1. Does the stretch A:269-286 contain any residue that is away from the ligand (no atom under 16 Å from the Cβ) and under 22 Å from A:G34 (Cβ atoms)?
2. When the residues of the stretch A:30-44 are narrowed to those that are away from the ligand (no atom under 11 Å from the Cβ) and not small (G, A, S), which ends up nearest to the other protein chains (Cβ to nearest Cβ)?
3. Quickly run through the stretch A:185-222 and pick out the residues that are under 21 Å from the mean Cα position of the chain (by Cα), of a type outside the set (D, E) and crowded, with 17+ Cβ neighbours inside 10 Å.
4. Could you tell me whether A:D296 is more than 28 Å from B:L428 (Cβ to Cβ), surrounded by fewer than 21 Cβ atoms within 10 Å (Cβ to Cβ) and among the acidic types (D, E)?
5. Report, by residue number, each residue of the stretch A:66-82 that is surrounded by fewer than 14 Cβ atoms within 10 Å (Cβ to Cβ) and either within 16 Å of the ligand (Cβ to nearest atom) or under 17 Å from A:G203 (Cβ atoms) (or both).
6. Every residue in the stretch B:450-494 that is of a type outside the set (S, T, Y), part of a strand (DSSP E or B), farther than 30 Å from B:K405 by Cβ and open to solvent by 20 Å² or more (accessible area, probe 1.4 Å), please.
7. Can you name the residue in the stretch B:44-71 that is within 14 Å of another protein chain (Cβ to nearest Cβ), open to solvent by less than 10 Å² (accessible area, probe 1.4 Å) and of a type in the set (A, V, I, L, M, F, W, C) and is also nearest to B:V475 (Cα to Cα) among such residues?
8. May I ask you to say which residue of A:G106, A:G85, A:G89 is over 30 Å from A:L222 (Cα atoms), within 16 Å of the ligand (Cβ to nearest atom) and crowded, with 20+ Cβ neighbours inside 10 Å?
Amino acid sequence: MIVDSEQGLFCPDGGFHLDPLLPVERAVLTHAHGDHARAGSGAYLCTPETAALLRRRLGDASIETLRQGERRVVGSVTVSLHPAGHMLGSAQVRIEGRAGVWVVSGDYKREPDPSCAPFEPLRCDAFVTEASYALPLFRWDEPAALAREIVAWWQGNPATSVLFCYALGKAQRLLAEIARISDRPVWVHGMVEPFAQVYREHGVRLAETRHVGDERGLKGELVLAPITARGTPWMKRFRSFEQAFASGILRIRGTRRRRGFDRGFVVSDHADWPGLLRTIRETGAQRVYAMHGHRDALVRYLREVEGIDAAPIGRAQPADPEGD
Amino acid sequence: MRRFAALYDALDSTNSTNAKVAAMQAYFAEAPPGDAAWALFFLTGGRLKRLIAPRLLATWGCERARVPGWLFEESFGLAGDLAETIALLVDTERNGHSAPGKTPPLSRLIEDRLLPLRDAPEEQKRRAVIELWDALDRREIFLLDKLLTGELRVGVSGTLAIRALAQHAGLPPAVVAHRLMGSWQPSAAAFAALIAPEAAETDASRPYPFFLASQLEEEPETLGDPAQWLVEWKWDGIRAQIVRRAGGVFLWSRGEELITDRFPDLSGVWATLPEGTVLDGEVLAFSGGAPMPFSVLQRRIGRQKLSPKILADAPAAFMAYDLLELGRADLRGQPLSERREKLADLVQGRSERLSLSAAVKGGSWAELRELRKQARERGVEGLMLKRWSSPYRHGRPRGDWWKWKIEPYAIDAVLVYAQPGHGRRATLMTDLTFALWDGGELVPVAKAYSGLTDEEIDRLDRWIRQHTIERFGPVRSVEPVHVFELHFEGIAESTRHRSGVAVRFPRIARWRTDKKPQDADTLQTLRSLIRVAR
Ligand SMILES: [Zn+2]
């Protein structure tokens, strides 16, 4: 049903690629992150939320939308999109055809996230799962407790608290978590704000944001910024600051110190090890394909311990260095 | 244990000195004295002897975490730290929950549960360790594992811990530092004595905290009139104090190790010193009125047994440069000029194995700069500059004592092997081996760990992973492409190295991206430096 191609995963019966790496004729997208949604393809199919987030980047490409749960016949298969819990609009792609039911997870997580719909387990014959954090080292604590830790750090820091995170997805998730426990505004880098607007338009309640712009100082304030802003002249506007990073990779304690962050918050939008195993069991899939990160470890574990037929799929990629 | 784990986290999660001192001070105030004693022991750099081999701990960790061996290895490879790997895998296995039982206090844990394990049979150790893991949370397991393997390190300097304890006790840091010198066993009573307003009794063997010089980074002209400074050669030996008290003699190294027994040939020196005397100086291998290279002394230190031949080949001498106690009176508050005058009188004609570190005579900084150039021929590391009016301080306060070292040796060498480092660099290729040309062949000459920026480390790590030729366990051979300038402090012949040369304190000075591998130095060039050295 799904095969590897130079452009990425391809569904011959439907005539479309999934999150293609190179321009193709027809692309089905799981979510709006840059490593999954690339410009240049002829036609796109994704959720309306993903489309709203992508509009700017994909220019005047033809984007068709499909609501979560809605079914559409494409070629000789039926395609539907279902929540993946990764970020606003993120979807698993369910494909039903003569080879049975296949589900491509895209990026996903099982922890509650106030900024998007929760992951929906789907029964299927074959499951293509991500494996970004597929080692038993990785297990996420309850996110609400982490949000409290972030707020405590910010409120106990007389200098500026600069929290680095992905500008799309992670930043809005943190803004939504913060909105639940604090009514103070949060300052954001120029890359965060436009996406926050889209989240709000889709009914997600975020903390009040203020654009950093030409503002200077900001003592005692919390600032969300993409990691690419670190060490650039942009940082000079804050006279004294502490730097924190929010990422799953910080589960390993040496990472924070090695990279010189004052604080590290273990927050990930990917499935942890127990989340991956639980999800695979819930799909009931007889065959599992693993992509990204530590996929080889997951494949071997599924084969040897869980007795599931498993194989790697897609291009081998190192684990995301920024640990989304 | 829980409180100590919280302290460890607090110290680990801030870079601010004041916050660290405050966290330790709060800990000392709250913790029971028995626990505080052990915490202080670790904070000041103390270690337990290894109780369990890491290989065994890994086996049991793998068993407890219920993961296959290969998955444990894979996880360890990424985390880079055994204690952390076990802590995280066990935490995942039990889904973040730890047994609701009570965590034992730090002192009870160490004294009643850990230390008795030392001679226990393996199976008993295994049961005890797994039982403890089950009672502890993730952070505590990490610390327990570090204790078991004798690798617990806390991210503060001893000076900072002393400052925190002094603030807690309401005593001057120098008093606390002095009480901590010498043989100190963690116990509630010892902790109480450390923070007592008056010293209950002093340990006769105890040396004074060492006054350490700072590296002179500016030109010496910034120090003002040279006449206000005592200038000495910077001896390349073992910094030590001779403590002559209570009828005994004790030789203490700067690392607070008692090394009296290592130097029987200095016993003649001890015997002549009057009761109640403490000298600060340098132990050197000394022959024909001149110091021998440090490598000679080092060979001697490495020996279990001191044969007559070794004593004859590397005879020791004590080069005194300060007098801290005389006639049982503490002289540290007096200016250096007065201490040196008394020292000269004391040392005069006492033993040929005891001499005064003479003042180097030079009128101006320019003349001294010229003299400093002779350092290498004289077998010293440069010059020491000490303010005549300075008291004997402790630690490394800047301002009164400076070391004005000679420029290090430098060579350009090619990176040939790499392997992951330890501790915070465990996930990165930071343990690097460098080679020089010998004929058409690259011969490894030095390993170096430090000197690159974080960005360079990241860049090099990526390059190494993509350009590995072969792997031997954790070691990778890489394409010989990159040239680095290495600096080192000393050089000597060696039969233990394939190159026939051993360099001392090699470090990376910079990444010579402007050089090609064929531009690197030859082994011949390195060897020629040995002649300069001696
Ligand atoms: Zn993503």
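1. No: zero hits.
2. Within the stretch A:30-44, the subset away from the ligand (no atom under 11 Å from the Cβ) is A:38-44.
Pick out the ones that are also not small (G, A, S) and you get A:38, A:44.
On the way: A:R38: 23, A:Y44: 33 Å.
Top of the filtered list is A:R38.
3. Applying the first criterion (under 21 Å from the mean Cα position of the chain (by Cα)) to the stretch A:185-222 yields A:188-207.
With of a type outside the set (D, E) added as a condition, the list becomes A:188-192, A:194-200, A:202-207.
Those that are under 21 Å from the mean Cα position of the chain (by Cα), of a type outside the set (D, E) and crowded, with 17+ Cβ neighbours inside 10 Å: A:V188, A:H189, A:V192, A:F195, A:A196, A:V198, A:Y199, A:V204, A:L206, A:A207.
4. no
5. A:R67
6. The initial filter retains those residues of the stretch B:450-494 that are of a type outside the set (S, T, Y), namely B:451-452, B:454-467, B:469-476, B:478-493.
Checking which are part of a strand (DSSP E or B) leaves us with B:469-472, B:475-476, B:478, B:483-488, B:490-493.
After this cut, where a residue has to be farther than 30 Å from B:K405 by Cβ as well, the list is B:469-472, B:475-476, B:478.
Hits for the stretch B:450-494 are B:I469, B:E470, B:R471, B:F472, B:V475, B:R476.
7. Only one residue tops the list, namely B:L71.
8. On the way: A:G85 fails: over 30 Å from A:L222 (Cα atoms); A:G89 fails: over 30 Å from A:L222 (Cα atoms).
Of A:G106, A:G85, A:G89, the one residue that is over 30 Å from A:L222 (Cα atoms), within 16 Å of the ligand (Cβ to nearest atom) and crowded, with 20+ Cβ neighbours inside 10 Å is A:G106.
The values are calculated or read from the model by the stated rules, or taken from the named source; none is laboratory data. Please read these numbers as outputs of a predicted model, since none were measured by experiment. Don't worry about glycine lacking a Cβ; one is built from the backbone with ideal geometry, like all the others, and counts go over all protein chains shown. These accessible areas exclude ligands, DNA and RNA; they are computed on the full protein's heavy atoms, side chains included. Shrake-Rupley method; radii C 1.70, N 1.55, O 1.52, S 1.80 Å.
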